[in-house]
Every structure is written in structure tokens, then in C-alpha cells.
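Worksheet: one structure, shown below.
Only the coordinates and a few stated rules stand behind these numbers; no lab work does. As the structure is a prediction and not an experimental result, all values here were calculated from the model. Cβ placement follows ideal geometry from the backbone for every residue including glycine, while neighbour counts extend to all protein chains displayed.
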């Protein structure tokens, strides 16, 4: 049970309502699902969407599956192990409508961001969306001071961690045919960015 998951789920859901069409049968992959609180809320809010939660940590996978079992929801797959930097994501090319990731890319090496975007470029259908949530810099600017302090804290804990710059992330996305279509300022100095596969 992650405290931040409980706080940010409402605002995230409101953004997703703008990007997930009603009444269409869709397939969504959540990368780094954490405790599982988000994917359960998403599955309740968007019953037409089949949700596939993933994580790299066994404890998280167990937590996600416990939430799924308790929820009795039929539109969520059992959580599965996913190393984002691995080659095989166990999904077919052009098979996903949505890939969503919350609070991962600043607490992982940049290779994770690169691999996530590269896989999204292959696995998303044309028009499919890659959605990020978390703190971001913008063209070298990081505001407010609390995010500057958070970035320094991340770097002190692990030299490969840091708040990523959306300009750099967007450039990587563009290379694999993903264009930034929407951005949202979120509570607690976070952002949501939505990319769509254009080719």
C-alpha cells in the first residue's frame, strides 16, 4: 500500500478519462504497477479495457495479485514479471492500445526510459498511447525548489537516478514514431505526458 498511490489516483483517473475512449474494447499494459492500487482503480473506471499489470519485484507482484483477487474484477490479468530493459515483453507487436507508467523513470537508470520508449514504439497499435506520470524537468528547467531538492536526493541515493527532462524523453519518443499529444500539470508538482503512435 503506497501512500502516494492513494493520493494521486483521482487526478490520474481524470486525465485518463480524456484519453481512453468509452465503449471500445482495448488492451492496456501498466509498467511498474507497484502495489496494484492503480490498476484496480483503472479496471473499475474503464471496464471495457483489459488491464495487464507488471512489475520487477516479487513483493509487488504478490500485492497486485492480492488486490486483483479481492476485487473479483475480470478485466485484469494476473500480474506478471517484467524487466523493462529485457527483450521479451510477452506482447505482440501492434497489440496494445495503452502503455501507462507512473513514477518509474526518475528512480531507475536512463536505460529503463530508453527501453520503455523503444518497446512502446513496437507494441502500441497505430494511434496507441504511451502515458507517463511523475516529476519532470522541461528543457533544463526544474521547478519548484521542492523538485530541485528531490532531484538532488535522488542523485545522492543512486547516481543513475534523476528527474528526467521531457524534451529528452520526447526526442526519444519521436525516434520511434511517438508524438507528444497532451501534457498536464498535476498535483504535488508532477506532470502527465501522453504520446501517440503516429506511424
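Before moving on, here are some points about what is shown:
- Dividing the Cα radius of gyration of region 61-157 by its Kirkwood radius returns 1.03 for Rg/Rh.
- According to the Cα-based calculation, Rg over Rh for the chain is 0.94, with Rh computed by the Kirkwood formula.
- Percent antiparallel among DSSP beta bridges (both partners in the chain, rounded to 5): 45
- Rg/Rh ratio calculated on Cα atoms of region 33-93 (Kirkwood radius): 0.97
- Relative contact order of region 3-197, pairs being alpha-carbon contacts under 8 Å that are 6 or more residues apart, as %: 19
- Added length on full extension, which subtracts the Cα-Cα distance from 0.36 nm per residue, residue 18 to residue 58: 11.1 nm
- Label-to-label distance for residue 179 and residue 111 is 3.3 nm, based on points extended 7 Å past Cα in the beta-carbon direction.
- Extension reserve of the residue 141-residue 48 stretch, reckoned as 0.36 nm per residue once the Cα distance is removed: 29.6 nm
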